[in-house]
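The values are calculated or read from the model by the stated rules, or taken from the named source; none is laboratory data. Everything quoted here is computed from the prediction, not taken from an experiment. Neighbour counts run over all protein chains shown; Cβ positions are idealised from the backbone, glycine included. Surface areas here come from the heavy atoms of the whole protein model, side chains and all, with no ligands, DNA or RNA. Shrake-Rupley method; radii C 1.70, N 1.55, O 1.52, S 1.80 Å.
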Amino acid sequence: MTKNTKTELKAECKAYLLGGGIGAMAAAAFMLRDGQMAGENIFILEASPLMGGSLDGAGNPDTGYSLRGGRMLTTDNYECTWDLFKSIPSLTQDGKSVFDETLEFNEKHKANSMARLVDKRRAKVPVSSMGFSMHDRLELLKLSNADEASLGASCITDHLSPEFFETEFWYMWATTFAFQPWHSAVEFKRYLHRFMLEFSRIETLGGVKRTIFNQYDSFVRPLHAWLLAQGVQFQMDTKVTDLDHKIENGKFVVSAIHCLQQGVAKTIAVNQDDLVFFQNGSMTDASSIGSMQTAPKKLSKVDSGGWTLWEKLAKDRPEFGNPAAFNSSIAESNWESFTVTLKNPAFFDKMQQFSGNEPGTGGLVTFKDSNWLMSIVLAHQPHFANQPADVQVFWGYALFPDRIGNFVAKPMADCSGEEILLELCGHLRFDLDIVEGANCIPCAMPYITSMFMPRQHSDRPLPVPEGSKNLAFISQFVEIADDVVFTVEYSVRAAQMAVYQLLNIDREIPPIIPHDKSLRTQFEAMIKALK
């Protein structure tokens, strides 16, 4: 493990991480690896019974598997993520890191989608051309070259004409990254630059990398196991409700943490040299699952209370951001996913025959004429560590759950798992008996793309806000120049930045690789745009 630091911490210094998502876990790992902190002095307070936050994955073959979503990875980007997971041992392969096993897996299972878009005739749409007119190209170029200050809180639709949103490129880019036309033009522009390599291969998803299993089993579990082995203290079923603070020499200092631990009120004193890392906001807050017979409940932040602490902290403190910019319009930030558990290989066999892709090599299949804009992905099997060999699991999602289906006469948000399968089989022209005995578990997520909402630069706090002595923010809702939200990388980079700043760690944070400045990458993107 690397221990390169100028940190001068007192022996009794403690760190409290409020929330148990990938950002908090990464922060704990960086404090251990690079900050020379003792594990027993690091406390992770998590409201749920499981670690991992939005990187979830649970279930069994009898009651069905469920995961809210999957995350796209690349080895061309994700610099801080791989810096972390090169240090985390694999749970399944002795002597190898999580990074090593992930790299080896992707060498064996390379992405090359052959059915990226499917139309209403169930025909595979030719996608070698992006479908741009010259007007589309000029508008996209202008947007990609605009500075963020001039874009402000504008939407993508403020810069691109209606015809752009009917191009093959938009259907592929939007469903790969979950963009909506009304989302932030700044975030869309950042994606164009950060993933410029993917622009040239968006039709095959050739740059996409996957973990061996779902990302809970492949990322969260090994990281959790390593942190436990280092003595990190995990306090589950602990909901933080408030922070006491004082102003000391002009600095904001957290002095106590109020929480409910298994329903019992508790106060934790934060001493002079202690640190607090807060996961502000959550894209999976207020999510709910349904069943084969029932639709998910419609919940909001009022039901969950998941945004309350950030709202308290940010009141009259603009340096702590503006949560209302992200959590005030569920109609603009929600979509719905579903996980299907099968005990018959017929569906997978027929999909392989139709798409030409073995599971794990095709990525998303998007039904571009679907009213819901539905997509599915068949990952390499098994997708869960405890998944038997005779069970198959696939995942799907739809960007417009408020719309009436093509084959089911109700919005997806009101549909049971059985009705979602009916809609899916309708688009594929598969007989329903192919999913007989299937268990489809839908999941509604009202804030899943809340971090894409149009915003001002000041709406997100810095990982360590100006004027803060011992409080840092770690989440998808902090400001990191040039990087993109809705990625594992964003949470890990925020964690590394916060830890290194508060602990004065003398080690370079892996810089963002400027692929968009490469002449070759720019040339390949230009050629792709002209096709």
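Ordered by residue, what ³J(HN,Hα) values in Hz, to whole numbers, does the range 387-393 give under the Karplus form 6.51 cos²θ - 1.76 cosθ + 1.60, where θ = phi - 60° and Gly and Pro are x?
7, x, 5, 9, 10, 10, 9
Let's test this: bin the Cα-Cα distances of the range 7-58 at 10 Å from zero up to the farthest pair and state each bin's percent.
25, 49, 21, 5, 0
With θ set to phi - 60°, apply the Karplus curve 6.51 cos²θ - 1.76 cosθ + 1.60 along the range 84-90 and write out the HN-Hα couplings as whole Hz, x wherever there is a Gly or Pro.
6, 7, 5, 9, 9, x, 5
Would you calculate, for the chain, the mean residue ellipticity at 222 nm contributed by helices, counting each DSSP H stretch of 4 or more residues as -39,500 (n - 2.57) and dividing by all residues, to the nearest 500?
For the chain, the value works out to -8000 deg cm²/dmol.
Take the Cβ-Cβ distance between N271 and M292 as r, set R0 to 45 Å, and report the resulting FRET efficiency rounded to the nearest 0.05.
For N271 and M292, the calculated efficiency is 0.30.
What size of dipole, in debye to the nearest 20, comes out for the range 364-441 about its Cα centre when the only charges are +1 on Lys and Arg C-beta atoms and -1 on Asp and Glu C-beta atoms?
300
First check a/c for the range 240-284, with a ≥ b ≥ c the square roots of the eigenvalues of its C-alpha gyration tensor; if it is under 1.5, answer rounded, and if not, answer prolate when a/b is larger than b/c or oblate otherwise.
Taking the square roots of the gyration eigenvalues as a ≥ b ≥ c, the range 240-284 is oblate.
For the range 397-486, which trypsin sites (Lys or Arg not before Pro) are in a loop by DSSP, counting at most 11 other Cβ atoms within 10 Å?
R429
Work out, step by step, the length gained on full extension between H109 and L228: first 0.36 nm times the residue separation, then minus their alpha carbon distance; give nm to one decimal.
39.7 nm
How big, on average over all directions, is the shadow cast by the Cα convex hull of the range 305-429, in nm²?
Over every viewing direction, the Cα hull of the range 305-429 projects on average to 10.5 nm².
For the full complex of protein chains and a 1.4 angstrom probe, list K142, K350, K343 by accessible area with the highest value first.
Solvent-accessible surface, decreasing: K142, K343, K350.
From the Cα gyration tensor of the range 33-90, with a ≥ b ≥ c the square roots of its eigenvalues, which class applies: rounded if a/c is under 1.5, or else prolate if a/b is larger than b/c, or else oblate?
It is oblate, given that a/c is not under 1.5 and a/b is not larger than b/c.
Quick one: compute a quarter of the convex hull surface over the Cα atoms of the range 48-173 and quote it in nm².
13.5
One-quarter of the Cα convex hull surface for the chain, in nm²?
Mean projected area of the Cα convex hull: 23.6 nm².
Can you give me the pair-distance distribution of the range 179-338, C-alpha pairs, 5 Å bins, whole percents?
1, 6, 10, 12, 15, 17, 16, 12, 7, 3, 1, 0
Can you pull out the GluC sites (Glu not before Pro) in the range 447-531 that DSSP calls coil and that have at most 13 other Cβ atoms within 10 Å?
Counting only loop positions with at most 13 other Cβ atoms within 10 Å, the GluC sites (Glu not before Pro) in the range 447-531 are E466, E508.
So for the pair M134, K350, with labels modelled 7 Å out along Cα→Cβ, what separation do we get in nm?
Going from the M134 label point to the K350 one covers 4.7 nm.
For V125, V484, give me the order by solvent-accessible area with a 1.4 Å probe, most accessible first, ignoring ligands, DNA and RNA.
Final ranking, largest accessible area leading: V125, V484.
Rg(Cα) of the range 419-490 divided by 2.2 N^0.38 Å?
Compactness ratio reported: 1.85.
Looking at the square roots a ≥ b ≥ c of the eigenvalues of the Cα gyration tensor of the range 131-203, which shape do they give, rounded for a/c under 1.5, prolate if a/b is larger than b/c, or oblate?
Rounded, since a/c falls under 1.5.
What three numbers, in Å, describe the spread of the alpha carbons of the range 152-245 along their principal axes, ordered from the longest?
55, 40, 20
In vacuo Debye scattering of the range 348-495, one point per C-alpha: log10 I(q)/I(0) at q = 0.09, 0.22 Å⁻¹?
-0.43, -1.36
Using the Kirkwood formula on the Cα atoms of the range 284-341, what hydrodynamic radius do you get, in angstrom to one decimal?
So the Kirkwood estimate lands at 13.4 Å.
Where in the chain are the DSSP H helices whose C-alpha atoms run 15 Å or more along the long axis and whose mean Kyte hydropathy is at least 0.5?
In the chain, the long hydrophobic H runs are 22-33, 417-428, 488-503.
May I ask you to give the percent of accessible area on the range 370-414 that is carbon plus sulfur, with a probe radius of 1.4 Å?
The C+S portion of the solvent-accessible surface of the range 370-414 is 56 percent.
Just the number please: accessible area per residue for the chain, 1.4 Å probe, all protein chains included, in Å².
The answer is 40 Å² per residue.
From the protein chains alone at 1.4 Å, what is the descending order of accessible area for H383, H183, largest first?
Ranking H383, H183 by accessible area, largest first, yields H383, H183.
What percentages, rounded to whole numbers, describe P(r) for the range 396-446 computed over all alpha carbon pairs with 5 Å bin width beginning at zero?
Spelled out per bin, shortest first, that is 5, 20, 34, 24, 13, 3, 0.
Just grab the label-to-label distance for R121 and D431, each label 7 Å out from Cα along the Cβ direction, in nm (one decimal).
So the label points at R121 and D431 sit 2.5 nm apart.
R0 = 41 Å: FRET efficiency of S328 with L141, Cβ-based, nearest 0.05?
E(calc), rounded to 0.05, equals 0.80.
With labels modelled as points extended 7 Å from the Cα through the Cβ direction, what inter-label distance (nm, one decimal) is found for I404 paired with E166?
Using points 7 Å along Cα→Cβ, the separation is 2.2 nm.
Between E466 and I513, what is the FRET efficiency for a Förster distance of 25 Å, r being their Cβ-Cβ separation, to the nearest 0.05?
0.35
Using modelled amide H (1.01 Å from N, peptide plane; none on Pro or chain starts), what sits under 5 Å from the amide H of K86, excluding residues fewer than 5 places away?
Under 5 Å from the amide H of K86: F99.
For the modelled label position 7 Å from the Cα of T157 along Cα-to-Cβ, which residues of the range 441-479 have backbone nitrogen atoms closer than 14 Å?
Only 454 pass the distance filter.
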